[in-house]
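A short write-up of the structure that comes next.
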Amino acid sequence: MDDKLQVFEDKMKKSFNALLDEYTTIRAGRANPHILDKVMVDYYGAPTALQQVANVSVPEPRMIQIQPWEASMVKEIEKAILMSDLGLNPTNDGKVIRLVFPEPTEERRKELAKDVKKRGENAKVAIRNIRRDANDSFKKYGKEAEVSEDEVKELESQAQKLTDKYIAEIDKAVETKTDEIMTV
């Protein structure tokens, strides 16, 4: 019986983790090297993750420093950052690329906080859709396997508990990210 529920819990966990991944790409005025995770660099004709062609560090709270392992990659990395939708302008001295994060305005902070809440709501909708799919699956299972209504109700109850757990985690993640954004 538990394996019936496990499939849906895995889906809920994936939805929650996808939200957390999205949150790492939201700039909150602090330098976070994870915003570069999705940046792909043209490395001798092959799209390659930035972390595989350079050392990424955070020497100051508002700066990311990218040191390519090959000096010839400076231009390619710079181009990849400009092509990404990060909204950052890289500067380089020929050897090292620096990304400076400007202090977001109050208005921009509020926009980001709204975006965080919207993404959180979308994740909650995804979790609820998974619960709905689970309940449909349990009802179908109840008819096909001739399982008692009580067992089906128990499965639905456990699915609801999982839903409540993940929605609470999403709320906590939204609150944490909002606080991070609104902190000056």
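The values are calculated or read from the model by the stated rules, or taken from the named source; none is laboratory data. Nothing here was measured: the structure is a model prediction, and the numbers come from that model. No Cβ is skipped: glycine too gets one built from the backbone with ideal geometry, and neighbour counts run over all protein chains shown. With ligands, DNA and RNA removed, areas are computed over all heavy atoms of the protein, side chains included. Shrake-Rupley method; radii C 1.70, N 1.55, O 1.52, S 1.80 Å.
For the range 95-123, give me each residue that is modelled with pLDDT of 85 or more and over 20 Å from the mean Cα position of the chain (by Cα).
Within the range 95-123, the first condition is being modelled with pLDDT of 85 or more, and the residues that meet it are 95-100, 106-107, 109-123.
Within the range 95-123, K95, V96, I97, R98, L99, V100, E106, E107 meet the criteria.
Taking the condition of a type in the set (A, V, I, L, M) and farther than 27 Å from E180 by Cα, does A54 pass? So that I can check it myself, show each step before the final result.
Values: of a type in the set (A, V, I, L, M): yes; farther than 27 Å from E180 by Cα: yes.
Against the criterion (of a type in the set (A, V, I, L, M) and farther than 27 Å from E180 by Cα), A54 qualifies.
Which of the residues belonging to the range 132-184 are more than 30 Å from T25 (Cα to Cα) and not in a helix (DSSP H, G or I)?
A145, E146, V147, S148
I'm trying to understand the selection: among the residues of the range 18-41, which are open to solvent by 70 Å² or more (accessible area, probe 1.4 Å), within 23 Å of L112 (Cβ to Cβ) and either touching a Lys or Arg at 6+ places or on another chain (Cβ under 6 Å) or part of a strand (DSSP E or B) (or both)?
Residue satisfying the conditions is E22 alone.
Among I66, I81, I97, which is among the hydrophobic types (A, V, I, L, M, F, W, C), in contact (Cβ under 8 Å) with a residue 24 or more places away in the chain and under 28 Å from T178 (Cβ atoms)? I'd like the intermediate steps shown before the answer.
Values: I66 fails: under 28 Å from T178 (Cβ atoms); I97 fails: under 28 Å from T178 (Cβ atoms).
Unique residue meeting the criteria: I81.
Tell me, which residue of the range 162-184 that is without any contact (Cβ under 8 Å) to a residue 60 or more places away in the chain and open to solvent by less than 60 Å² (accessible area, probe 1.4 Å) is nearest to K4 (Cα to Cα)?
I167
Say whether the condition of being touching an Asp or Glu at 6+ places or on another chain (Cβ under 6 Å) and either among the aromatic types (F, W, Y) or buried (at least 17 other Cβ atoms within 10 Å of the Cβ) (or both) is met by at least one residue in the range 143-161. Spell out how you get there, then give the answer.
Of all residues in the range 143-161, those touching an Asp or Glu at 6+ places or on another chain (Cβ under 6 Å) come to none.
Among the residues of the range 143-161, not one is touching an Asp or Glu at 6+ places or on another chain (Cβ under 6 Å) and either among the aromatic types (F, W, Y) or buried (at least 17 other Cβ atoms within 10 Å of the Cβ) (or both), which makes the answer no.
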